[in-house]
Every structure is written in C-alpha cells, then in structure tokens.
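In what follows, a single structure is set out as structure tokens and then discussed.
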Amino acid sequence: MSITFDRASNLFQLNTKSTSYLIGIADDQYIGHIYYGRKLDNCQGCYELLRTEERPFVPSKNQRDKSAFGDCFPYEYSTVGVGDYRESCLSVRTPQGHRVCELVYTGHEIFDGKPELPGLPSVFAKEGDQAQTLEITCEDAQIGLKAVLRYSVFEDADAVVRSVLLENTGSGPLYIERVLSACMDLDDESFEMLTLTGSWGRERHITKCPLTYGKHAASSTRGCSSHQEHPFAALVTPGTTQDTGEVYAMHFVYSGNFLALCQKSQHDSVRMVMGIHPEGFEWVLKPGATFQAPEVVCVYSDQGLGKMSHTFHDLYRGHLIRSPYLHKKRPVLINNWEATYFDFDADKLVEIAKDAKEAGIEMLVMDDGWFGRRNRDDRSLGDWTVNEEKLPGGLSAMVERVRGEGLAFGIWFEPEMVSPDSDLYRAHPDWAIQVPGRTPAQSRAQYVLDLSRPEVVDYVYACVAGILRSADISYVKWDMNRQFTDLGSMALLPEHQGELAHRYILGVYELQERLITEFPDLLLENCASGGGRFDPGMFYYSPQIWCSDDTDAVERLAIQEGTALLYPLSCIGAHVSACPNHIVGRNTPFATRGNVALAGTFGYELDITRLSADEKEQVRQQVELYHRYNHLVQEGVYYRIASWQENHLYDCWEVAAEDKSEAAVTYVQVLSGVNVRSRKIRLKGLDEGALYRLEGTDQVYSGQVLMYGGVLVKMEEGDFVSRVMHFVRV
Ligand code: DGJ
C-alpha cells in the first residue's frame, strides 16, 4: 500500500519508492502538510512537525489567536479570508460579495488507480497497481463549498500528482476567483528557486535565484504556457548539483495561464503554490456544479537535479504520453519552412523530396503557405482550402508525388487562428476573441479564434479532419503563433467572461483529443512559434513538440538543456538548419548542427537542393548516426555531464542504455580554450565492473575509469566543434 491512514494520530502517509509525503489533521479539522522528503519507514513522532503544540496553538486551545494560527499553519490547501496572509490557493466570492472560506476536513477515501480528469490532460496509471489515490474531502458548510484534494501516488515512478475538485453544495452560485491546484509549506533551507525562463527563440533557459523574503513567481497570462516562463518551479538547497542537494519540484499539466509562486514568510517558512493564474479568471459555480482544477506533478529528490530529471522523464514516458509513437522510431523529416518560407510550389517540394530521399530522409513536411491566398503571413488563416496555383491537382496529387519519391508526407496547420483578411473572418467576425466596441490588437496580423464556442471548435475540427481525410498524410505540425489580448467572447454571458481563457484551453484539448481519436496513427507535433506551448498538458496529445524556432546549434544547447531538465529527449523537436542561422546569424559546423539535433526528434529545416556534395554526404552520415543512436535517445537514461551555461566553454551530455550496455556521449566545444590541450569527461550510469570499447577505435576502458577518471577529449582548434562518442560494453 503506498497510502495509509493512521486514525489514532490523524496521519496520512503517501509513499513512493524513495519519498514520503505526510499529511496530518490538526484539531480534527485543519489539513496540514507535515513532511515531503526522503522515504520514512517509521513515522513515529512526525506529528510534532505540525507544530500544534507551539504558540499560537491550534484554535481549540487558543481561539483568542485564531488568525495567528491561520498565518503560520502549514495548510495543504490554503484559502482566503481566515488569517492566512500568505499566497493562497482558493478565493471564492459569494452572491453577497464576501470572500471568506475555511475548508475543514470532513472525510477521505483511499483507492487503487488514478482517475482521469474529464476534458483535461492527466497523468495516467495503466493498471490499478501502478497508482493509488487519496481523496481528502473538506468543506465550508457556511458558503456551501466542498473541495476534494486529490493525491495520486505513483510508487514506482516516485511522484505524487495533485489536483482539486470543487463542488457547490449550496443553493446559490459561487464565484471562483482563484483555484490553484497545489500548495506545499516547507521550512526554509536557504532555498534557491529554479525556473525555466526565456523568450521567443530562447526558451527554457535554466534560471536560479535565492529565495528571499517575499514572493517570487513564474507565470503566464498570455493564454498559453509561453516562451517566457515555464509552468515549473523547484526549490533547491544551496549548492545543488546534478548529483547532490535536495530538490522540491512542481510541474503543471496545463497549457494555459499559470502561476508558480514561492514565498518566504515572516516565520521563515516557505510556501510553493501552483495553478491556473488568477488574473482575469473567474468561474461561476452553479448549485450542484463542479470545477476540476488541472494537475500538478510533485517530485522530490535528495540526489540533485539529475534524479529529478529521471523521475520526470520516467513519469512522462510511462504515464503521460499516450501516442503510439512514444516507443517508435520517428521518421527523419525535412520541413520546407526555412528552405522556402511561403515561396514554394509542388515542383519545388518534389525537388526537395528527391534529394532528401537520396540522403536517407523519410518524410517531407509541407509547412505554412499551402492554403487560401497564403503567400504572406497576413492572410488566409481559417481558410483551409488548398491553393491550387501552388499545388495543381490539389493535396492528394501533391501527396502522391511525394509518396512516389518514397517519402511520407506531413502537413502544417494553425487551426486556432484567423486572419482578418480571410473568408472565415469575413463570414464570422464574431468568432475572434475580442471585446465589443474595441478593435482587438493583431499579432502577426492575426486574431485568436474563440474556442470556448462549441460551433467554432466544430468548424476547426471539420477543416483539419477534412484535409486529413482527403489524402495520405502521416504527420501534422499544429502551430499557434500569437498570444492573447482583448480577452472577450462574443458568446459568453457577462458573468462568464472570466471563464474564457480556461474554456479556450479546454477547446484546444478537445480538438486534439478528437484528432488523435479519429486518426490514431497520425504523428502529431505541437508547436507555438517554436516552444511557446511546450508543456506536459500538450504531451498528453502529442509525443513531440517543436522546441524552438531557433535552430542555431549553440543557442539550442541552452534551450535543450533546460528542456531536458524535465522532458525526455524523444519529446524535443530538433532539426538541422542552414547557416548563417536565420535567427542569430551564426555559422556553426554542419556536423555540430547534426550532433545537437540528434539529441531530439531529428530532422532538417533547410533547402537540401542547395547543399554542396560534401554537405549532402554529411546529411547521409547524420541519418546513419540517427539510426545508430536513436534507440538511446528514445529509451535511454539522460545524464547532464557539463553545461556551457555554467562553464562558458563546453557542453556535454550522455544517454546510456538502461541496462548499462552502451552510452552515447555528445561533447560540444563552444569556445576553444587557450593552452588547454584536453579535458576529462566523467561519464555516468555505467557498469563499474564492465569494459567498454569506444566505437570506431580499439580503445577499451573500464566502467570505473570512465565514471571516476573520465575519458580524455582533445581540445580542437576553432569554436563550435563537437563529437559523439559511443561506448559499447565488451
Ligand atoms: C512558427 C513555427 O514555429 C515555424 O516553424 C513555422 O511553422 C512558422 N510558424 C510558419 O508560419
């Protein structure tokens, strides 16, 4: 049993294979957080950690200082209005306009398995014994609100997944102004807060700052999880490395507005909360209705960031990504975006397909520009009819020609958007998100469709599915190229306008659910101007996401390092592009661009017909490398060996087979060093007692030497040079 309840001490113990999460009930009413950390085989004495004997005592012993209790009790789920002045999880307005809510324990249930969340992505258990769930029910009888705090424990995967269900048990409406999904109160350990931050073209860089008094947050109010901040936060003890230090991490399984906030209080306690961003949010809960908040994955590691990464990777591979491609080798693809932008026709694509086939590439993806009058980015979104001037004979003729060259065919859509210059907008201007009487701001000359409206969802689905039914299409790139402004729906009643951003995301989830249900063999790749909606929510629907529009090999080192902190490499859309790089203008060796893209789904984003004979030969060799190492990228254990973000000189990562029989190590010398002839690279995750041969040489090393001594990497002249070393057990 991973979850137990001891009635005598009012203690819940949630155990994974190496962690324990303890919850206590104080005064038979208040649900408090006791402990999250290394697994405890014996919890004797832990109740004391709730500090119910310390001043100001629990309310039953000291009503006089009830508000002081509220401000220091480690609530499992904090509420507004009863003396807890720290960041709270729940704010509910009554029809009378009050915002006071106190949730007290009324019961609980423990059962095998893990329920799905209707309409939302969620971590799943395949069989009953992979997970157990605890539901703690608490209520504010006065306002008629019931909350179910749900904890699903994935014992083997070492994670606890939390969510909250609200129910209106009263007779009048309740207005939910804030409903976060998880809260954790810890004692301060001079924590640093680790987040993933960036911008378009520079997503998910690892950022750390000391957690001082006050509030520090990562958030998005952009309508998507965003390029700028990631729905993730971790508290780490000072000096945490890949292998040492304590890490308390939360990751939100959601793709819209979010808040991840850590606060150090006057009492030197630290609170970490995560959930839907309250800004602009309000949900009307009618009598008898429920609201399901999305899930937060909680992970604890006492062995640094590396163990945290492994936990997330295993959980997402085993319990989040549903695609049949999860364990399948993905086709090496070539995408025509950076090759042609909007300037292409069927003959050009076939030319690319011919050369691609010769180099071993397996799929051609036709990007933006194939529909309506889409010869520029300011028109035709929403008009999903094939442009026969570019593709004579229509889509099926195009697909047949590419298939005739021996390649599979993939296609790009941006289904959630509408151009003001489109037949769709002219017919249904009210389908765009907007506030009546105001001209909505355009971004990339487009508006966002109001996916809170079922008829809009149906229209969009009919367009995408119609195209997919019309030809033999193996892959879809689902793009989303603008963030929200002018948040208003022409269909929602005034008191429901605060529901729009969440209803929109539910619409996106519904569309993708319908898509993968009707086309179960489709390889779906999500994308949002690169990595603007790269989050666990979207991985419930697609096994890979385009990681960034920035394909520069050096910038990608930082982006892919931050991304791989949480996501398996097989999720990370990575391609080789032309130089000078279209975004940063940098020149990097073709080989390095390949070695970096090999740590992802792998493909090309260039005009192969313009490559030199030597470069085409390099493409052939890279495709060979892909076939040689991809099983490691796909299924192996990822180790971060060195980070050029930290050392400013070189980057290095490893993927090792789970059975330790082989490992591929990628080393990138970002800057050549002066008077440094070689570096020792220490490997991880090998068999100490085994011998390994470096592929392509006669050199044999013991596992111990590779892990504790290291392998010598010679300094080469020039910047951005790289190599992949493949060690195979002999
Ligand atoms: C943004 C994507 O990230 C690019 O790869 C490309 O598909 C463009 N949109 C097309 O408009």
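The values are calculated or read from the model by the stated rules, or taken from the named source; none is laboratory data. The shown structure was predicted, so the numbers you read here are calculated from the model rather than taken from an experiment. Using ideal geometry, Cβ is built from the backbone for each residue, glycine included, and neighbour counts are taken over all protein chains shown. For accessibility, only protein heavy atoms count, side chains too; no ligands or nucleic acids. Shrake-Rupley method; radii C 1.70, N 1.55, O 1.52, S 1.80 Å.
The phi torsions of the stretch 396-403, fed into the Karplus equation with coefficients 6.51, -1.76 and 1.60 and a -60° offset, translate into couplings of 5, 5, 4, 4, 4, 5, 5, 4 Hz, rounded to whole numbers, with Gly and Pro shown as x. Counted over the chain with a bin width of 20 Å, the fraction of Cα pairs per bin, in whole percents, is 17, 48, 30, 5, 0.
The residues of the stretch 633-711 present an accessible area of 47 Å² per residue when probed at 1.4 Å with all protein chains retained. Each stretch of four or more DSSP H residues adds -39500 (n - 2.57); spread over every residue of the chain, this sum gives -6000 deg cm²/dmol at 222 nm. Overall, the chain carries a charge dipole of about 620 debye about its Cα centre when +1 sits on the Cβ of Lys and Arg and -1 on the Cβ of Asp and Glu, all other atoms neutral. For Thr439, Thr79, the ranking by accessible surface with the largest value first comes to Thr439, Thr79, using a 1.4 Å probe.
In this calculation the C-beta distance from Glu688 to Ser9 is compared with R0 = 30 Å, giving a FRET efficiency of 0.10. Between amide H atoms placed 1.01 Å from N, distances below 5 Å from Glu282 occur with Gly498, Glu499, all of them 5 or more places distant or on a separate chain.
Can you tell me the accessible area per residue over the stretch 333-546, all protein chains present, probe 1.4 angstrom, in square angstrom? All intermediate terms of the calculation are to be shown ahead of the outcome.
Values: 7020 Å² over 214 residues.
Heavy-atom accessible area per residue stands at 33 Å².
Ranked by the mean number of other Cβ atoms within 10 Å per residue, highest first, peptides 158-164, 543-549, 88-94 order as 543-549, 158-164, 88-94. Simple spin-label estimate for Lys286 and Asn587 gives 6.7 nm between the two label positions (7 Å along the Cα-to-Cβ direction from each Cα).
Once the dipole of the chain is set up with Lys and Arg at +1 and Asp and Glu at -1 on Cβ about the Cα centre, which of Pro231, Thr106, Val350 lies farthest towards its positive end? With unit charges placed on the Cβ atoms, the residue in question is Pro231. The share of accessible area on the chain that comes from carbon and sulfur is 48 percent, using a 1.4 angstrom probe. Residues in the stretch 102-117 carry Karplus couplings, in order, of 10, 9, 10, 4, 10, x, 7, 9, 10, 8, 6, x, 8, x, 6, 9 Hz; the curve used is 6.51 cos²θ - 1.76 cosθ + 1.60 with θ = phi - 60°, and Gly or Pro positions show x. Each of the peptides 662-670, 4-12 was scored by the mean count of other Cβ atoms within 10 Å over its residues; in descending order, highest first, they stand as 662-670, 4-12. If only the Cβ of Lys and Arg carry +1 and only the Cβ of Asp and Glu carry -1, the dipole of the stretch 468-536 around its Cα centre is close to 140 debye. Between Trp283, Met184, Thr240, the Cα set farthest toward the positive side of the dipole of the stretch 79-319 (charges on each charged residue's Cβ, about the Cα centre) is that of Trp283. Projected over all directions and averaged, the alpha-carbon convex hull of the stretch 476-585 occupies 8.8 nm².
Provide the three semi-axes, in whole Å and in decreasing order, of the ellipsoid equivalent to the stretch 333-546 as defined by the square roots of 5 times the Cα gyration tensor eigenvalues. Walk me through the numbers before you get to the answer.
On the way: eigenvalues 192, 67, 42 Å².
Three semi-axes, in Å: 31, 18, 14.
Taking a straight line from the alpha carbon of Lys286, these lysines sit under 17 Å away, with near neighbours fewer than eight places off in the same chain left out: Lys146. Please name which of Gln483, Gly372, Pro494 has its Cα lying farthest along the dipole of the stretch 333-546 towards the positive end, using unit charges on Cβ (Lys, Arg +1; Asp, Glu -1) and the Cα centre as origin. Among Gln483, Gly372, Pro494, the one farthest towards the positive end of the dipole of the stretch 333-546 is Pro494. Each peptide in 39-49, 167-177 was scored by the mean count of other Cβ atoms within 10 Å over its residues; highest first, the order is 167-177, 39-49.
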